[in-house]
1. Just checking: which of the helices (runs of 4 or more DSSP H) contained wholly in the range 1-112 hold 3 or more residues that are farther than 30 Å from residue 155 by Cα and free of Cβ contacts under 8 Å to residues at least 12 places away in the same chain?
2. For the range 60-97, give me each residue that is touching a helix residue (DSSP H, G or I) at 6+ places or on another chain (Cβ under 7 Å), modelled with pLDDT of 85 or more and over 13 Å from residue 35 (Cβ atoms).
3. One residue is enough: does the range 33-42 have a residue meeting the conditions over 26 Å from residue 139 (Cα atoms), at pLDDT below 80 and touching a helix residue (DSSP H, G or I) at 6+ places or on another chain (Cβ under 7 Å)?
4. Provide a single number: the residues in the range 43-59 that are modelled with pLDDT of 80 or more and surrounded by fewer than 19 Cβ atoms within 10 Å (Cβ to Cβ).
5. If you take the residues of the range 1-17 that are under 20 Å from residue 75 (Cα atoms) and out of contact with any helix residue (DSSP H, G or I) (no Cβ under 6 Å at 6 or more places or on another chain), which of them is surrounded by the most Cβ atoms within 10 Å (Cβ to Cβ)?
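The values are calculated or read from the model by the stated rules, or taken from the named source; none is laboratory data. Quantities reported herein were computed from a predicted structural model and do not represent experimental measurements. Quick reminder, even Gly has a Cβ in these numbers, built from the backbone with ideal geometry, and neighbours come from all protein chains shown.
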């Protein structure tokens, strides 16, 4: 699991994060990687903040953080974090849809219609033996909790009732 790598803050830390990811992938040889939020730092995108559209910036950052898993051909899934889409375009649903369309090994899914957040889904995990493939051995619940205010309380958002029913 990779969390809070905050790509996009600067070139040096992005390169260090990629090297870190590559080393861990090489050492651990995982069957799945979960990007559990804050892979990008939308607040650092000063070049596009004024227009409110950071889509091109996001695509560049997405390519950076997915490249190590793509190169290693490791399946992955993404949950959007509170710093991935802070009030600008692209929103969390665009980010998830972009990943689905362009991530060759992505298991990321868009939230069902009427559910708040872009990345609200579950991912069944199956055993590697053929005897157990009919039933998952685990289920990962991916919940995008948003970025602003939790039921009127200022600060970051929280899981909504519609996401956990």
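1. Details: elements: 11-28, 46-49, 55-72, 92-102.
Because the criterion is at least 3 residues that are farther than 30 Å from residue 155 by Cα and free of Cβ contacts under 8 Å to residues at least 12 places away in the same chain, the helices (runs of 4 or more DSSP H) in the range 1-112 that meet it are 11-28.
2. Listed by number, the list holds a single entry, 72.
3. Filtering the range 33-42 for residues over 26 Å from residue 139 (Cα atoms) gives 41-42.
Now restrict to residues that are at pLDDT below 80: 41-42.
Still in the running and touching a helix residue (DSSP H, G or I) at 6+ places or on another chain (Cβ under 7 Å): none.
Looking for residues that are over 26 Å from residue 139 (Cα atoms), at pLDDT below 80 and touching a helix residue (DSSP H, G or I) at 6+ places or on another chain (Cβ under 7 Å), one finds none in the range 33-42, hence no.
4. If we filter the range 43-59 for residues that are modelled with pLDDT of 80 or more, which is where we start, we get 55-59.
Now narrow it down to the ones that are surrounded by fewer than 19 Cβ atoms within 10 Å (Cβ to Cβ): 55-56, 59.
Looking only at that region, the number is 3.
5. Looking at residues that are under 20 Å from residue 75 (Cα atoms) and out of contact with any helix residue (DSSP H, G or I) (no Cβ under 6 Å at 6 or more places or on another chain), I get 2.
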